[in-house]
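I have placed the structure first, in the form of structure tokens, so that the comments after it can refer back to it.
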Amino acid sequence: MSIMSYNGGAVMAMRGKDCVAIASDRRFGVQAQMVTIDFQKIFSMGERLCIGLAGLATDVQTVSQRLKFRLNLYELKEGRQIKPKTFMSMVSNLLYERRFGPYYIEPVIAGLDPKTFEPFICSLDLIGCPMVTEDFVVSGTCSEQMYGMCESLWEPDMEPEDLFETISQAMLNAVDRDAMSGMGVVVHVIEKDKITIRTLKARMD
Amino acid sequence: MATAMAMNRIQHLTGSNNLVPDWMSKEVSTGTTIMAVEFDGGVVIGADSRTTTGAYIANRVTDKLTPIHDHIYCCRSGSAADTQAIADVVTYQLGFHSIELDEPPLVQTAANLFKEMCYRYREELMAGIIVAGWDKRRGGQVYTVPVGGMLVRQPVSVGGSGSTYIYGYVDSNYKSGMNKEECLRFTAGALSLAMERDGSSGGVVRLASISEEGVERRVILGNELPKISRA
């Protein structure tokens, strides 16, 4: 039994033209059994910054709470919103502090720069190695399925509406081939002036 | 494949294998929820349609309701390879027996053939099978042969990993004397609940009703399933 697949779950993020999208499934289960279908895995860390956490559910909650604490202190001291790249380094530092007894999560970050509104996505492994990409990032028990879907559906410079459709189809079809993910999908689309949060109608098995 | 097997031997002690994906190392299992109900004049059988290799869904439209003879079906759960092999052998044995007898075979005979195989080879096999059908002597019958090779006749039987979630529903909603339509709705409802809770069950609901007239099969797609849980 792998710790990373004890609860199951999936998150992904995609980059578009002046926008980013981040999506997650909604299942919280204990091995094969589903316990609840409204488990939050994407957390807002700023006006235009979200982090999605896949992995062990207890660490999803603990890390998001501890991260918010560090972020709040940063904003009080700096007097401004954090840049996505800096936030990535903050997450990396938090995870590496636990190098020899890690948090069992693999986060995915998506956001826009607070000043330039430049889109940014990245992912990290469970001990904080950051990876910045230009197209998409995935994490979770169905990562192989998500890579396949993203690689075939993604194209550069998509408008927010197209990006929403693309990330939705990528998530839905990836989690439908995984017994440990699914039970609904939630998608956040982050643009310069708004964040749109939608819950998709999905297979509930 | 050779790499996967070499990796597996080293990794099996640690309990987890990160170097090859599930679908190259785990056995194919019909995770499953299966069910069979007797009514006056026949039986209704049902199953989900998910086959998994580890957590990967290898087949999302599997047919787990397998014909053994004209009026006898079996519902398969456990290892896909084991149950397919056993069903093939029993189909042959029962067909041969029926020709010798020059009569349609009894459901009890089919069930006993399954039991003989599942009990004799119990150490090597992982198979939970429900045998159901109609014959002239006793009408509709359901026999369950769980892992280990026990044999018992029951008016209602559920099996597979998803069955644990629906014992309460089945026990509280079953009434003796239900007709065919009521049995079909009862089975579809129970399977929907199990498919929602059990990660190893899902896809579509396959139903079949077996009576003197023959076998009538139907499929209920995911979006048409009865909505029972109020969650």
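The values are calculated or read from the model by the stated rules, or taken from the named source; none is laboratory data. Just so it is clear, the structure is predicted and the values come from calculations on it, not from any experiment. Note: ideal-geometry Cβ built from the backbone for every residue, glycine included; neighbour counts use all protein chains shown.
Observations
- Given (1) over 22 Å from A:GLU144 (Cβ atoms); (2) of a type in the set (D, E, K, R); (3) within 14 Å of another protein chain (Cβ to nearest Cβ), index of the condition A:ASP18 fails: (3)
- Selection status of A:ALA170, touching a residue at least 40 places away in the same chain (Cβ under 8 Å) and within 14 Å of chain B (Cβ to nearest Cβ): no
Residue by residue, here is whether (1) β-branched (Val, Ile, Thr); (2) on the phi > 0 side of the Ramachandran plot; (3) touching a residue at least 12 places away in the same chain (Cβ under 8 Å); (4) crowded, with 16+ Cβ neighbours inside 10 Å holds:
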position	(1), (2), (3), (4)
A:SER64	no, no, yes, yes
A:MET88	no, no, yes, yes
A:ILE105	yes, no, yes, yes
A:THR133	yes, no, yes, no
A:PHE136	no, no, yes, yes
A:CYS142	no, no, yes, yes
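- Boolean, A:ASP157 is on the phi > 0 side of the Ramachandran plot and either acidic (Asp, Glu) or free of Cβ contacts under 8 Å to residues at least 24 places away in the same chain (or both): yes
- Check on A:ASP125, under 15 Å from A:GLY16 (Cβ atoms) and either of a type outside the set (Val, Ile, Thr) or more than 14 Å from chain B (Cβ to nearest Cβ) (or both): no
- The residues on offer are B:SER176, B:SER211, and the sole one that is surrounded by fewer than 22 Cβ atoms within 10 Å (Cβ to Cβ), more than 14 Å from chain A (Cβ to nearest Cβ), hydroxyl-bearing (Ser, Thr, Tyr) and in contact with a helix residue (DSSP H, G or I) (Cβ under 8 Å, 6 or more places away or on another chain) is B:SER211.
- Which listed residue, of A:MET12, A:MET1, A:MET45, is hydrophobic (A, V, I, L, M, F, W, C) and modelled with pLDDT under 95: A:MET1
- Of all residues in the range B:195-230, those that are small (Gly, Ala, Ser) and more than 18 Å from the chain's Cα centre (by Cα) total 4.
- Yes/no for A:THR116 being farther than 25 Å from A:ARG198 by Cβ and either in contact with a Ser or Thr (Cβ under 6 Å, 6 or more places away or on another chain) or of a type in the set (S, T, N, Q) (or both): yes
- Some residue of the range A:155-165 being at pLDDT 95 or above, within 14 Å of another protein chain (Cβ to nearest Cβ) and under 16 Å from the mean Cα position of the chain (by Cα): no
- Of all residues in the range B:41-59 being modelled with pLDDT of 95 or more and hydrophobic (A, V, I, L, M, F, W, C), the one that is surrounded by the most Cβ atoms within 10 Å (Cβ to Cβ): B:ALA47
- When B:THR52, B:THR91, B:THR62 are screened for being hydroxyl-bearing (Ser, Thr, Tyr), within 14 Å of chain A (Cβ to nearest Cβ) and more than 12 Å from the chain's Cα centre (by Cα), only B:THR52 passes.
- Enumeration of residues in the range B:172-186 that are under 22 Å from B:VAL219 (Cβ atoms) and more than 21 Å from the chain's Cα centre (by Cα): B:MET178, B:ASN179
- Scope the range A:107-116; condition surrounded by 15 or more Cβ atoms within 10 Å (Cβ to Cβ) and either under 10 Å from the mean Cα position of the chain (by Cα) or assigned to a loop (DSSP other than H, G, I, E, B) (or both); matching residues: A:PRO107, A:VAL108, A:ILE109, A:ALA110, A:ASP113, A:PRO114
- Residues (within 14 Å of chain B (Cβ to nearest Cβ) and under 16 Å from the mean Cα position of the chain (by Cα)) located in the range A:173-198: A:ALA174, A:VAL175, A:SER181, A:GLY182, A:GLY184
- Qualifying residue in the range B:149-158 (condition: crowded, with 23+ Cβ neighbours inside 10 Å and assigned to a strand (DSSP E or B)): yes
- Residue under evaluation A:MET146, criteria (1) away from chain B (no Cβ under 14 Å); (2) over 30 Å from B:ILE228 (Cα atoms); (3) buried (at least 20 other Cβ atoms within 10 Å of the Cβ); (4) among the aliphatic types (A, V, I, L, M), criterion not met: (1)
- Residue in the range A:137-149 that is hydrophobic (A, V, I, L, M, F, W, C), under 22 Å from A:SER44 (Cα atoms) and modelled with pLDDT of 95 or more present: yes
- Qualifying residue in the range A:155-165 (condition: under 20 Å from A:ASN7 (Cβ atoms) and in contact with a strand residue (DSSP E or B) (Cβ under 6 Å, 6 or more places away or on another chain)): no
- Residues of the range A:12-53 satisfying the condition of being among the hydrophobic types (A, V, I, L, M, F, W, C), under 16 Å from the mean Cα position of the chain (by Cα) and not in a strand (DSSP E or B): A:CYS19, A:PHE39
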